[in-house]
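Reviewing the structure listed below.
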Amino acid sequence: MLTASIRWRLQLWVGFLLVCVLGGFIFTVYELQRIHQLNQIDEELGHWAAELSRALRGNSQPPPLERGPGGPPRDRESGGPPRDHGRGGPSRDRDSGGPPPDREPGGPGPDNGLFSPPRGQRDPRQFDEGRDRRFAPGERELSPKVIALFDAAGTGSFYLTVWSYDGTLLKCSTNAPADLRCPARPQSDIRLQARTRGINREAFHFTEMGDCVLAGCPLTAYTTAMHRFTGLLLAVGSVVLVLGLGGGWWLAGRAIRPIDQISATASRISAGNLSERINVTEADNELGRLAGGLNSTFAHLEAAFAQQKQFTADASHELRTPLAVLITEAQTTLARQRNAEEYRDTVEKCLATAQEMRRLVESLLELARFDAGQETMKHESFDLSQVARECVELVRPLAAERGVSIHCELPPVEYVGEREPLAHVVTNLLANAICYNKPDGEVQISTESLSGAIILTVSDSGIGIAPEHLPRVFDRFYRADPARSNAQGHAGLGLAISKAIVEAHGGRIDITSQLGVGTTFTVQLPAPAPAAACS
């Protein structure tokens, strides 16, 4: 399944994040553009509404009056006595200069502008119907300047409409919608308001006298422009999405490639090719460090398998010789009738061969326990120099037989560990120093306590070891001189066991040698903690 692939999972996540980010970006840009376009349309609508309001305010001034011969001025239309026409307001007595009969002192003044708030507003319905109402139909014709604003040829796609305070239509443009109705008048609000009605955008306001001025336009061009803008956004978003998915696929493949290499290499190693290694091109990143760790593991695995094969071959070889001796002795004895002395001699040879096999098997089992981590060291306090003296006394007969003298420098050294395994290490090192020494040679053994470490040194004046053999002297079944080792009954496991014991105590064992001069083994053990030493 595709969802089981890490690459496809990464690709799906990248695609999901891209879609979310692009969707949010496109929505935000679309909303900003829509609001910007509507604000521009509202500004133009407000401009036309203000033009109409200014024209109407200009038309609300008193008409020209004519003076009769020898009489007061008369109205041009009615011929009656003149009246001072405020904007929709009552007349003022010109002779007395007093206030009009229907106006209270401190009442509302003239209309001071389109967007100024009403102060001391009086309900327009309180005016007498007989008074002069400039915008009422039939009372007064609108000026040519006002009528020109209702011409669709002059305003383009915009249309204008004026209603009186009682909702009577005063004038509207020829391109105004047929279903256009006067908006509901808000309470004491003369601010410009905008609304979307169907496919039209309209802006309107109510004057202080209660008249409603409305400017509108169809949103066809706006809708077409927004559709084009939406298509452009979707096209750009699709291109970005495709590029992002392509880049994500490439990056995911680049990130997964080392994992594919690791998987392929592991498959070849599991098939038996232990020499395979992962090609590490970028060792500093996480996968590079993982590949380096796996290569190290594979190297140890290969070494372990090689060691196991060598161990099996060497153990088979070591066990084959004593088994062959046992079989040969038994067949020779059974071939003819023998006396009691001959039978005894055969049994003694078989017993010696069996004991040699037992020592070999015990050494192999001991190494196997160390390899499996099953050999745990006890922690007891003892004098390491005393253990070394006991080991010296144990091998002194062997040294006397070969004419080798042993010199000791063993000051008291307290150590916390397991006594018997360390005694086995000292005995093995002394035995090797005696066996590979020259006639009348010398063996030196010493102990000392340094800061943080305890040092045990065993050196001889023997034949020495060639430099090419030094790196492998602690390998199992390895012999620098195989013929001499076999003759002396050495299986090549003593130094390997000694190294395992020292390392189990947290220490290390080193060797230095020079042909014809001698060999020195140095055992370095960690010094016990003060609390442990006191216990």
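The values are calculated or read from the model by the stated rules, or taken from the named source; none is laboratory data. Treat the numbers as computed from the prediction; the structure is a model and nothing was measured. For neighbour counting, all protein chains shown are included, and Cβ atoms are generated from backbone atoms with ideal geometry for every residue, glycine included.
Quick grid of which residues meet (1) outside the structural domain of Leu525 (by TED's automatic domain parsing); (2) within 30 Å of Arg419 (Cβ to Cβ); (3) hydrophobic (A, V, I, L, M, F, W, C):
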site	(1), (2), (3)
Thr332	yes, no, no
Val347	yes, no, yes
Thr353	yes, no, no
Met357	yes, yes, yes
Leu367	yes, yes, yes
Gln386	no, yes, no
Glu390	no, yes, no
Glu401	no, yes, no
His407	no, yes, no
Is one or more of the residues making up segment 413-421 within 30 Å of Ala313 (Cα to Cα), assigned by TED's automatic domain parsing to the domain that holds Gly516 and over 55 Å from the mean Cα position of the chain (by Cα)? no
What's the number of the only condition in (1) polar (S, T, N, Q); (2) part of a helix (DSSP H, G or I); (3) under 55 Å from the mean Cα position of the chain (by Cα); (4) surrounded by fewer than 12 Cβ atoms within 10 Å (Cβ to Cβ) that Thr376 fails to meet? (2)
Report yes if Arg195 is out of contact with any Lys or Arg (no Cβ under 9 Å at 6 or more places or on another chain), without any contact (Cβ under 8 Å) to a residue 60 or more places away in the chain, assigned by TED's automatic domain parsing to the domain that holds Glu43 and of a type in the set (D, E, K, R), otherwise no. no
Taking the stated definitions as given, is Glu414 crowded, with 18+ Cβ neighbours inside 10 Å, among the acidic types (Asp, Glu) and either within 21 Å of Ile511 (Cα to Cα) or in contact with a Leu (Cβ under 9 Å, 6 or more places away or on another chain) (or both)? no
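For every residue, the table says whether it meets (1) out of contact with any Cys (no Cβ under 8 Å at 6 or more places or on another chain); (2) touching a residue at least 40 places away in the same chain (Cβ under 8 Å); (3) hydrophobic (A, V, I, L, M, F, W, C); (4) more than 20 Å from Ala55 (Cα to Cα).
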| position | (1), (2), (3), (4) |
| --- | --- |
| Asp151 | yes, no, no, no |
| Leu160 | no, yes, yes, no |
| Lys171 | yes, no, no, no |
| Ala176 | yes, yes, yes, no |
| Thr207 | yes, yes, no, no |
| Tyr222 | yes, yes, no, yes |
| Arg228 | yes, no, no, yes |
| Leu232 | yes, no, yes, yes |
| Gly237 | yes, yes, no, yes |
Picking from Gly507, Gly464, Gly494, which residue would you name as being modelled with pLDDT under 90 and touching a strand residue (DSSP E or B) at 6+ places or on another chain (Cβ under 7 Å)? Gly464
Here are Arg396, Arg419: which of them is surrounded by fewer than 21 Cβ atoms within 10 Å (Cβ to Cβ) and touching a Phe, Trp or Tyr at 6+ places or on another chain (Cβ under 6 Å)? Arg419
Residue that is surrounded by the fewest Cβ atoms within 10 Å (Cβ to Cβ) [pool: residues in segment 321-340 that are closer than 16 Å to Thr353 by Cα and not aliphatic (A, V, I, L, M)]: Gln331
Run Lys438 past the list (1) surrounded by fewer than 21 Cβ atoms within 10 Å (Cβ to Cβ); (2) in contact with a Cys (Cβ under 6 Å, 6 or more places away or on another chain) and report the number of the one that doesn't hold. (2)
Of those in segment 437-482 that are among the acidic types (Asp, Glu) and in a loop (DSSP other than H, G, I, E, B), the residue nearest to Phe382 (Cα to Cα) is Asp475
Tell me, please, whether a residue that is touching a residue at least 40 places away in the same chain (Cβ under 8 Å), aliphatic (A, V, I, L, M) and out of contact with any strand residue (DSSP E or B) (no Cβ under 7 Å at 6 or more places or on another chain) can be found in segment 257-268. yes
